[in-house]
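The values are calculated or read from the model by the stated rules, or taken from the named source; none is laboratory data. Given the structure is predicted, the values throughout are model-derived calculations rather than measurements. All Cβ positions, glycine included, derive from the backbone under ideal geometry; neighbour counts span all protein chains shown.
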Amino acid sequence: MTSIPLLRAWRRRAIGLVVVVVAALVACDSAEDARPTPPPAGRVTQVTQPEDGIDQRLMIALSQAKNFHHKAKVYMSDGKPDLAIAAVRGVLAVQFPAGAAEAEDVRADARALLAKLLLAQGQPDAAMSEIDAGLAAATRESFFVANLYTVRGEILEAQAATLDGATAPADATRARELKRQAIVAYDKSIAINEALQQRLMGHP
Amino acid sequence: MRPDDPTDLPPDDDVPAPDAPADATERAAAKAFAELIDKVVAGRPPAAVPAEQQELLEVATALRASVRPVELGASRRAAIVESALAAAIDRRAGGHGRVSASLPVVPIGRAAGRRNRAPWIVAATTSLVAAAALTLWLRDRGAERAAPPAPVAAAAAPLPVELRSRPADPLIGAIPAERAGAALDRIDTIYADRLDGFRARTMSGGLR
């Protein structure tokens, strides 16, 4: 007889307790959510991306570039500069993995070689176009970019040399301007090399 | 007329007729008896009661009990039940009307007190457990938010330099002017170096 009222009392108390606990949880959760989100802390480490590691795709790309260079050498040794130039152009068409740092270096080096081959074939303007394209594609200073400036200086020097024998005052002026630009290109190459060497040696 | 005949009543000269109105003496006697019953019911029975009134009093008490059952107080009721239980337990234990000392007999009043406190004990315990769980939960969440990303850093530790794609400047170094066109040698150097890294990474299980 007395158990039913007692059970009812227990049930009321239990329901009340559950309501209080749920309300407390909801309030705490809301308070947690209402807190201002802290600014993202600085990363302790840099998460490794899949393309960061040396993988098979990078090795295939480097292998293809290597093979194109060897083809070019064979063609050059065989007296076929046009085929050699075409082979070097093949290096520029190699698909490197996205974000591979070696890609920019390899392409810059290929453009430098291509410019030299074109220059040797009497095509200084085409050679300069390759240099300009290489410099335009550069996203950072490197020894390869410095080498592009070196080749640029060689091209300018060669162009000036063709005008050295000219008697026309305009050609003489043009020759002087080309030599001046060549010196600027060499200086740029030297500056880049010095900065990079300082950086690699740990100096700021 | 037989002597044991129940209908053999004494002469009823002093017994009034059933429908006769009560006289003063009869009303006074009734009033006195009513007062006596009130005292007995109130628990203040007189020290001595005439035999004639004692019989009437017992009858009146029985009639009242049959019409209106007496409800004992909680303490009185508990005491009666407790004594009855104790007697029963003692009889089962072979005693002689006394409660065996070896049997834990909990007084009903104390049990009732425990029963009344039980919901509050349960509620308090539940509240404490809920508060503890809530505290632990919030602490874990706070720690999770404030903790440095050490596990992530450990899980995603950067690869060693020699295993990563990287600029070839440290490998090649400054390119002399007379070596400006020696791209073949440089690509061979780059390829050989990266092949070493690729093999090391493959050997270490970094690549599947």
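Results for (1) surrounded by 15 or more Cβ atoms within 10 Å (Cβ to Cβ); (2) in contact (Cβ under 8 Å) with a residue 40 or more places away in the chain; (3) among the charged types (D, E, K, R), shown as yes or no for each residue.
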residue: A:Ala136; (1), (2), (3): no, no, no
residue: A:Ser142; (1), (2), (3): yes, yes, no
residue: A:Ala146; (1), (2), (3): yes, yes, no
residue: A:Arg152; (1), (2), (3): yes, no, yes
residue: A:Pro169; (1), (2), (3): no, no, no
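Can B:Ala118 be described as surrounded by fewer than 16 Cβ atoms within 10 Å (Cβ to Cβ), more than 7 Å from chain A (Cβ to nearest Cβ) and modelled with pLDDT under 80?
yes
The residues in the stretch B:189-208 that are touching a strand residue (DSSP E or B) at 6+ places or on another chain (Cβ under 7 Å) and surrounded by fewer than 19 Cβ atoms within 10 Å (Cβ to Cβ) can be counted, and the count is 1.
Scanning the stretch B:169-188 for residues that are out of contact with any Lys or Arg (no Cβ under 8 Å at 6 or more places or on another chain), surrounded by fewer than 15 Cβ atoms within 10 Å (Cβ to Cβ) and assigned to a helix (DSSP H, G or I) yields B:Pro170, B:Ala177, B:Glu178, B:Arg179. The set of residues from the stretch B:171-208 being among the hydrophobic types (A, V, I, L, M, F, W, C), touching a residue at least 12 places away in the same chain (Cβ under 8 Å) and more than 7 Å from chain A (Cβ to nearest Cβ) comprises B:Leu171, B:Ala200. Taking the criterion of being facing chain B (nearest Cβ under 8 Å), crowded, with 24+ Cβ neighbours inside 10 Å and among the aliphatic types (A, V, I, L, M), the residues of the stretch A:92-115 that qualify are A:Val106, A:Ala110, A:Ala112, A:Leu113. Just one residue in the set A:Asp109, A:Asp187 is within 19 Å of B:Leu171 (Cβ to Cβ) and of a type in the set (Asp, Glu); that residue is A:Asp109.
Evaluated against (1) among the hydrophobic types (A, V, I, L, M, F, W, C); (2) facing chain B (nearest Cβ under 9 Å); (3) closer than 30 Å to A:Arg89 by Cα, A:Leu200 falls short on exactly one condition, (3). Every test in (1) outside any loop (DSSP other than H, G, I, E, B); (2) more than 24 Å from the chain's Cα centre (by Cα) is passed by A:Gly122 save one, and that test is (1). In the stretch B:20-49, the residue that is farthest from B:Leu72 (Cα to Cα) out of those that are surrounded by 12 or more Cβ atoms within 10 Å (Cβ to Cβ) and over 51 Å from the mean Cα position of the chain (by Cα) is B:Glu26.
Considering only residues that are aliphatic (A, V, I, L, M) and at pLDDT below 70, look in the stretch B:64-106 and name the one that is nearest to B:Ala34 (Cα to Cα).
Only one residue fits best here, namely B:Val70.
Applying a threshold of 8 Å to beta carbon distances and a minimum spacing of six or more residues, or different chains, the list of pairs starting in the stretch A:63-83 at a residue that is in contact (Cβ under 8 Å) with a residue 12 or more places away in the chain and more than 9 Å from chain B (Cβ to nearest Cβ) and ending at one that is crowded, with 17+ Cβ neighbours inside 10 Å and not in a helix (DSSP H, G or I) reads A:Gln64/A:Val94.
Does A:Ala120 fit the bill of being at pLDDT below 95 and within 11 Å of chain B (Cβ to nearest Cβ)? For A:Ala120, the condition - at pLDDT below 95 and within 11 Å of chain B (Cβ to nearest Cβ) - is not met.
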